[in-house]
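The values are calculated or read from the model by the stated rules, or taken from the named source; none is laboratory data. Because the structure is predicted, anything quoted here is derived from the model rather than measured. Note: ideal-geometry Cβ built from the backbone for every residue, glycine included; neighbour counts use all protein chains shown.
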Amino acid sequence: MPIYVWAFAAALIVSLLAMPAVIALAKKTGAMDAPNARKVHKKPVPRIGGLGIYAGFMAAIFFVAINFGFDGEQAKETVGLVLSGSLIVALGLLDDYKNLPAKVKLLGQIFAATFLVLFFDVRIDFVTDPFGGYLYLEWFAIPATIFWLVGLTNTVNLIDGLDGLAAGVASIASITIMFVALDQNLILVAVLTAALAGAAVGFLKYNFNPAEIFMGDTGSMFLGFMLAGISVTGSVKSVATIALIVPIFALALPILDTTFAIVRRFRGGVPIFKPDKGHLHHRLLSVGFTQRQAVLLMYVISALFGLSAIAMTEVSRQVAVLILLIIIVAIVYGVKKLGIARPAK
């Protein structure tokens, strides 16, 4: 059985087995998410499910390390991702219990990202330009990578508004990156994303509507941070077709939702970090979708973005541009139809 299948299976099994204990721990320690006017659930729900996701991912990494091993630079980058991801989990767990101010969370995210970039050399050294060349970032590489890591951490965090939504979207994004990595023979990336997908899918059994547990910031920030970090490891950077392009498309739904949230709040004259009910899932609920219908539709949209990402690595540049234009037209239509860029009422 391929190593990435082992990684997926190990993460899935441990995540599934860990969740009942996490639910019990949340209830015992008061880590409960109370309903309010902005949230859609009606009764308190345990909210530290990210611990189960983290346990599944870590178990898979240890399993692979013990049975298959990591070589040289792979080991360094994997250790960096594990340590910085653990910092993010600690930050998220503290927030799930103490409700940290947004600025404190942001500083914690920047610290974890800086730790990964400076001590383990995981950074964006270049991006591809529309004409097939490379744009080398040079001195701008460090701040650009920190922005990428922190940005994606928050995009997954912000989309975590319906049962099963963030876990499902992160699973689809992970599997998308895994397939492209396998096509490019980037085994480390495939193993890491397979482990992340397995852990998130295991969590989904307990999180799909009606949810028994929420992932909380512990889980949503961990998933976003790890997807961002994995996508800029050294092995990925050597292959221009998937350096940032594929992760951006794979996570296009939360990235767009976050972008329009910023635009919406700016237009409405409210702080960017102030929560509202204008996210895509809120709009879908307001036009008559049930929670399950809204989540499943967003799974389909995420999968279509993922398939587009895979297709763009295989087709000619002209066809890739055509795919991009079709996606842009679809996005513009959807934004106007649902009004997600308008200030929320």
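Quick notes on this one:
- Checking each residue of segment 134-145 against the condition of being under 29 Å from residue 21 (Cβ atoms), polar (S, T, N, Q) and in contact (Cβ under 8 Å) with a residue 60 or more places away in the chain gives no match.
- For first residues located in segment 64-86 and on the phi > 0 side of the Ramachandran plot, partners that are assigned to a loop (DSSP other than H, G, I, E, B) and surrounded by 17 or more Cβ atoms within 10 Å (Cβ to Cβ) and lie 6+ apart or on another chain with Cβ distances below 9 Å do not occur.
- Residue 261 vs. criteria surrounded by fewer than 15 Cβ atoms within 10 Å (Cβ to Cβ), on the phi < 0 side of the Ramachandran plot, in a helix (DSSP H, G or I) and modelled with pLDDT under 90: no
- Residues satisfying the stated conditions in segment 82-127, i.e. outside any helix (DSSP H, G or I) and touching a helix residue (DSSP H, G or I) at 6+ places or on another chain (Cβ under 8 Å): 100, 121, 122, 123, 124, 125, 126
- Only one of the numbered conditions (1) of a type in the set (Asp, Glu); (2) under 26 Å from residue 4 (Cα atoms); (3) modelled with pLDDT under 90 is not met by residue 77, and that is (3).
- If you go through segment 278-318 and pick out every residue that is assigned to a helix (DSSP H, G or I) and among the aromatic types (Phe, Trp, Tyr), you end up with 2.
- Pick from segment 68-113, criterion of a type in the set (Lys, Arg) and more than 24 Å from residue 141 (Cβ to Cβ), ranking: surrounded by the most Cβ atoms within 10 Å (Cβ to Cβ): 105
- Some residue of segment 209-224 being modelled with pLDDT under 95, on the phi > 0 side of the Ramachandran plot and either surrounded by fewer than 24 Cβ atoms within 10 Å (Cβ to Cβ) or among the aromatic types (Phe, Trp, Tyr) (or both): no
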